[in-house]
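The values are calculated or read from the model by the stated rules, or taken from the named source; none is laboratory data. Not measured: the values here are computed from a predicted model. Positions of Cβ are generated from backbone atoms using ideal geometry, with glycine treated the same way; all protein chains shown enter the neighbour counts. Accessible surface areas use protein heavy atoms only, side chains included; no ligands, DNA or RNA. Shrake-Rupley method; radii C 1.70, N 1.55, O 1.52, S 1.80 Å.
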Amino acid sequence: MTPTSPSRTRGVARQILKQVGNSLIVLWGAATVAFFAQLLLPGDRATVILNIRAGQPQQRTADELAPIVDEFGLDRPVLVQYVDYLRGLVVGDFGTSYQQFRPVTEVIGEQLGATVILSLVAIAIAWVLMVVWITLTAGRGPRVGAVGTGVDVVAAGLPHYWLGIILLLVFALGLRWFPVIGGSEPIGIVLPALTLAIPLAGFMSQATRTEFERALDQPFVVTARMRGLSDLRVRLTHVLRHAVLPAVTLSGWALGATLSGAVVVESIFSRPGIGSVLVKAVDAHDLPVVVGIVTLVAVFYVLVNLLVDIAYLILDPRLKTS
């Protein structure tokens, strides 16, 4: 152990605590915005809740609204409601669904698995697409490099809703290779996953291409080629592992991004998941479910990025000064 090890350890610990503190502030901000957004919506909340439960929008009397006001504590000061709301989030209580009369955690939990699986499959496909495309185009000369960079930019900028509709029209309705409405069958996840994966692959390729081309100029590449290794093998076994660090970093961000993107994709392909739950909740003005999903996505974003930052600080303490 070097003399500077204790100071480096303290520095890393301080940075980890700082990252945790920043993450908590972000989560608090997201939760606060979600809470006060409910208060800014037009109309009386008690009336909205009762009309959702009754399935018939109309004016309500004070006597009709009294049980709803008492059940949800709507007559309490806003600050008290806000504190109770935050206290509930800390213990995983997002409230009760206006429409389904069930805890929001139960409503979301039933569909969360399908969305997580879709996100993980999309990230895996994005990695395959990125590796193949970078290996084929990086360091191949100015013309091929320009084409590769152009495709990266275009792919990264494709909107999920547009890409999903195009894939649906071409491969499901036109060629009939895939089902129009995705269900629980494995083949049904291909088009939704591609819709999420293609923009993600373009984004990761942008971050990886420069590092890949820089690694191609390193002495170990010349040594590997002098040993008789093929160009493809050199790229896959030597260059790639030195160039994928930016993509590894983005994979943490990608999990949160695909979870939020799944909201759109699941609606396009009629897949189960929190996306379809969110759309139905918005249509029904079921605010606790909407707030629960928005908060959950924010938690995924923050938690995954926090873990990536902590891993970097542990692996490379020099980052504590950056």
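In this structure the range 53-178 gives 59 Å² per residue of accessible area when probed at 1.4 Å with all protein chains present. If R0 is 45 Å, the Cβ-Cβ spacing of Asp75 and Val248 corresponds to a FRET efficiency of close to 0.30.
Given a 1.4 angstrom probe, I'd like the percentage of the accessible area of the chain that is carbon and sulfur, rounded to a whole number.
Working: 11810 of 17420 Å².
Taking all protein chains in place, the chain shows 68 percent carbon and sulfur surface.
If the segment from Val128 to Leu40 were pulled out straight at 0.36 nm per residue, it would be longer than the present Cα-Cα gap by 27.2 nm. Taking only alpha carbon atoms, the range 162-223 gives an Rg to Rh ratio of 1.28, where Rh is the Kirkwood radius. Using R0 = 41 Å, the C-beta based FRET efficiency linking Leu120 and Gln218 works out to 0.80.
Could you state, as a whole-number percent, how many of the C-alpha pairs of the range 209-265 are farther apart than 12 Å? When every Cα pair of the range 209-265 is considered, 68 percent fall beyond 12 Å. The Cα trace of the range 143-266 gives Rg and Dmax of 17.9, 53 Å, the first to one decimal, the second as a whole number. Taking one quarter of the surface of the C-alpha convex hull of the range 18-174 gives a mean projected area of 15.9 nm².
In this structure the amide hydrogen of Thr96, modeled in the peptide plane, comes within under 5 Å of the amide hydrogens of Val104, none closer than 5 places in sequence on its chain. Label reach from Leu232 (point 7 Å along Cα→C-beta): in the range 134-149, amide nitrogens under 14 Å belong to 135-137.
Hey, what does the equivalent ellipsoid look like for the range 72-160, semi-axes from the Cα gyration tensor as sqrt of 5 times each eigenvalue, largest first, whole Å?
Numbers: eigenvalues 468, 53, 23 Å².
The three semi-axes for the range 72-160 are 48, 16, 11 Å.
From the coordinates of this entry, mean projected area of the Cα convex hull in nm² is computed, and it appears in (i) 16.3; (ii) 26.3; (iii) 22.9 under the label (iii).
Overall dimensions of the range 187-322, expressed as equivalent-ellipsoid semi-axes from the Cα gyration tensor (√(5λ), whole Å, largest first), are 39, 20, 9. The chymotrypsin sites (Phe, Trp or Tyr not before Pro) of the range 70-106 that DSSP puts in a loop, and whose beta carbon has at most 12 other beta carbons within 10 Å, are Phe101.
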